[in-house]
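J.: Take this structure, written in structure tokens, and hold onto it; I'll ask about it next.
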Amino acid sequence: MSSVEELRISLLVFEENRNEEIGPNTSPVKQQTGGWKASSLILFTELCLCIAIMGITNNLVVFLKTELLEDNVTAATHMTTWMGTCFLTALIGAYVSDSYWGNYLTIMGFAIIYMSGMVTLTLSASLSVLKRSPFFTFLGLYMISLGSGTIKPCLSAFGADQFDKTDTRAKASFFSWYYLSIKIAGFIASTVVVWIQDKYGWTVGFGIPTLLVGTAFLGLMSGTGFYRYCKPSGSPFTRLCQVIVAASRKYNMNFPEDNSLFYQAKGKLENVQENEELDHTPGFSFLDKAAIVTASDFSISGTLNPWSLCTMSQVDELKSILNLLPICATFILFSSVVSQESVFVEQGMVMDRHFGSLSISPASLSSADVLAGVVFAPIYDKIIVPIAYRYTKIEGGISQLQRAGIGLFFSILAMSSAAIVEAKRLQIARDEGLMHKNVAVPMSILWQLPQYIFIGVGEVFTFVGMLQFFYDQAPDSMRSLCMALAFLTLSLGSYVTSFILTVVNQVTRWIPDNLNEGHLDRFFGLIAGLCLINLVVFTFCASRYRYKRK
């Protein structure tokens, strides 16, 4: 008997033992669980959590400046760094969910940390012994970032899990409603919550978001019997590392002429849900060596060494992630533009905030971003999509990456608009002799509206397109991980903003405490230029991307 035949027999024996261990498919029954009844509770949870977190985010710069007496750059840097951490911790949630607990238990487990952080922050703004104490303030903030960040990818993936692969329209509709719930929450936070904070103080202003977080998790718990649960499939990071190690161990081996020697497990795979078969990706061919079968891959008892031999499905999982990374990187700068709203607030603080008898809070102007998204989202779905479908015949009107690319273009418009407004504001400051006075100039804050609107419309394209893209293109067993990658772009965007703010201020002094003496217009122009370069890179990467077969 040849060595090839011996290896094939070993594989057959291993497959029979593997299939007996795994047992029958235990996927949830569609008629009894999931659907809109379950996902509606998840959307309600997201709505409450977003009102709470945005109620803190929108006015955090003001809180840091007035209560902790921080300067412009320090307050903006602390705020964007904290926002970045809120999304960076999404990787923790994805790992715990995919590896051990599943989405639901991960959400409920980290809810305790989330709630504790909210209580700590509220107390730090309420008790005289804790007021103006950076330690307790930042302790509460970073407990919130850990809780909210870990929950974020799990909640969105958990909602989409309530629909199976045949419910493509319902799943797409869920992501649209998920986005709308975020925008509606943002509108409530930037108007009602910010108004309460300005009028009644930080104790009430932080206390209400704390109550909303508690309400959110109680609402989620009420639907425990209706949800569709997907079992954790083991550590995705371990499986990805196994491919890299196995391929490295066989780096000097030649590819076999007989493709049957590439190992592909048959039957229900333990770590690939719903018998998913990924298309073989020709790129990164070096990794295919991880699936070359050799006698040394098995022990004497026939046990397979997973760090020496991996299935082709496992190899293609890694390739899927690697193919997503260039696209993921191009979303970072868009997220940075969104986080620039903290700088927009500082810009608004030195503009005329009166509209008739009303006094407009600079933070509340972000409601224009929210309203733009809420108004434009249904216009996109009901008008633009049907018109586009007539020409493209693509479900959804245009592809997910085309949709995201249009949003990146709006990021250029947003930063260009902000630069033009700031240039005009500085001109007025010079004309009125206010350059060396740290006061507001006689230019209405409403001139900021276009930059907020451009961001809101851009998010309808990029944010929704990004979420759908990462969920649909993810291997079934790594959806939480890939949703975490989507939120990771938001984290890195905030860190990029912090980095640029720090470098620009040290090198150029464009953003001094007295913005009338600075050149914030040049800073916004710099970001607009970077956005243009980013759009070119995105177009190149998107044109080369190969969509996963459904």
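The values are calculated or read from the model by the stated rules, or taken from the named source; none is laboratory data. Everything numeric here is computed off the predicted structure, so don't read it as measured data. Backbone-built Cβ (ideal geometry, glycine too); neighbour counts: all protein chains shown. Note: accessible area is taken over every heavy atom of the protein model, side chains too, but ligands, DNA and RNA are not part of it. Shrake-Rupley method; radii C 1.70, N 1.55, O 1.52, S 1.80 Å.
J.: Counting just the residues of the range 373-425 that are of a type in the set (K, R), surrounded by fewer than 21 Cβ atoms within 10 Å (Cβ to Cβ) and not in a loop (DSSP other than H, G, I, E, B), which one comes out modelled with the lowest pLDDT?
T.: So, considering only residues that are of a type in the set (K, R), surrounded by fewer than 21 Cβ atoms within 10 Å (Cβ to Cβ) and not in a loop (DSSP other than H, G, I, E, B), the one modelled with the lowest pLDDT is K382.
J.: Could you tell me which numbered condition D472 fails, if it satisfies all but one of (1) open to solvent by less than 10 Å² (accessible area, probe 1.4 Å); (2) under 25 Å from S320 (Cβ atoms)?
T.: So D472 meets the others, but not (1).
J.: Identify all residues within the range 489-499 that are over 18 Å from Y179 (Cβ atoms), crowded, with 24+ Cβ neighbours inside 10 Å and not β-branched (V, I, T); write none if there are none.
T.: Within the range 489-499, S491, S494 qualify.
J.: Which condition number does R546 fail, the rest of (1) at pLDDT below 80; (2) more than 21 Å from W82 (Cβ to Cβ) being met?
T.: Answer for R546: the failing condition is (1).
For every residue, the table says whether it meets (1) in contact with a Phe, Trp or Tyr (Cβ under 9 Å, 6 or more places away or on another chain); (2) within 23 Å of Q473 (Cβ to Cβ); (3) open to solvent by less than 10 Å² (accessible area, probe 1.4 Å); (4) modelled with pLDDT under 85.
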position: T74; (1), (2), (3), (4): no, no, no, no
position: T106; (1), (2), (3), (4): yes, yes, yes, no
position: V129; (1), (2), (3), (4): no, no, no, yes
position: P153; (1), (2), (3), (4): yes, yes, yes, yes
position: T168; (1), (2), (3), (4): no, yes, no, yes
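J.: Could you list all residues from the range 346-372 that are farther than 26 Å from A429 by Cα, open to solvent by less than 70 Å² (accessible area, probe 1.4 Å) and not small (G, A, S)?
T.: Hits for the range 346-372 are D369, V370.
J.: Any residue at all in the range 394-409 that is more than 23 Å from Q340 (Cβ to Cβ) and aromatic (F, W, Y)?
T.: No, the conditions are met nowhere in the range 394-409.
J.: Right, here's the next one. Answer yes or no as to whether A404 is touching a Ser or Thr at 6+ places or on another chain (Cβ under 6 Å) and under 30 Å from D164 (Cβ atoms).
T.: Yes, satisfied.
J.: Follow-up question, since we're still on this one. So which residues in the range 178-209 are within 16 Å of the chain's Cα centre (by Cα) and either open to solvent by 10 Å² or more (accessible area, probe 1.4 Å) or of a type in the set (S, T, N, Q) (or both)?
T.: L180, S181, I182, K183
J.: A follow-up question, please. Any chance the range 48-58 includes a residue that's surrounded by 23 or more Cβ atoms within 10 Å (Cβ to Cβ), touching a residue at least 60 places away in the same chain (Cβ under 8 Å) and in a loop (DSSP other than H, G, I, E, B)?
T.: So far as the range 48-58 goes, yes, one or more of its residues are surrounded by 23 or more Cβ atoms within 10 Å (Cβ to Cβ), touching a residue at least 60 places away in the same chain (Cβ under 8 Å) and in a loop (DSSP other than H, G, I, E, B).
J.: Sticking with this one: I'd like the full set of residues that are closer than 16 Å to A429 by Cβ, open to solvent by 20 Å² or more (accessible area, probe 1.4 Å) and part of a helix (DSSP H, G or I), limited to the range 503-534.
T.: E517, D521, R522 - these are the residues of the range 503-534 that are closer than 16 Å to A429 by Cβ, open to solvent by 20 Å² or more (accessible area, probe 1.4 Å) and part of a helix (DSSP H, G or I).
J.: Kindly indicate the residue of the range 273-302 that is open to solvent by 80 Å² or more (accessible area, probe 1.4 Å) and not in a helix (DSSP H, G or I) and also modelled with the highest pLDDT among those meeting that condition.
T.: F284
J.: Another question, then. I need the full set of residues from the range 461-507 which are among the small types (G, A, S) and over 18 Å from I332 (Cβ atoms), in order please.
T.: Correct list: A474, S477, S480.
J.: Something else: Have a look at G159, G140 and point out the one that is open to solvent by less than 50 Å² (accessible area, probe 1.4 Å) and either farther than 30 Å from R228 by Cα or free of Cβ contacts under 8 Å to residues at least 12 places away in the same chain (or both).
T.: From the options G159, G140, the qualifying one is G140.
J.: Among the polar types (S, T, N, Q), at negative phi and open to solvent by 40 Å² or more (accessible area, probe 1.4 Å): which single residue out of S116, S133 fits that description?
T.: Selected residue: S116, the only one of S116, S133 that is among the polar types (S, T, N, Q), at negative phi and open to solvent by 40 Å² or more (accessible area, probe 1.4 Å).
For every residue, the table says whether it meets (1) under 30 Å from Q402 (Cβ atoms); (2) assigned to a helix (DSSP H, G or I); (3) under 16 Å from the mean Cα position of the chain (by Cα).
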position: I321; (1), (2), (3): yes, yes, yes
position: L324; (1), (2), (3): yes, yes, yes
position: I327; (1), (2), (3): yes, yes, yes
position: V337; (1), (2), (3): yes, yes, yes
position: V345; (1), (2), (3): no, yes, no
position: L365; (1), (2), (3): no, yes, no
position: L371; (1), (2), (3): yes, yes, no
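J.: Could I ask something else about it? Sort out for me the helices (runs of 4 or more DSSP H) sitting completely within the range 121-204 that have 2 or more residues that are in contact with a Lys or Arg (Cβ under 9 Å, 6 or more places away or on another chain).
T.: In the range 121-204, the matching helices (runs of 4 or more DSSP H) lie at 134-160, 168-188.
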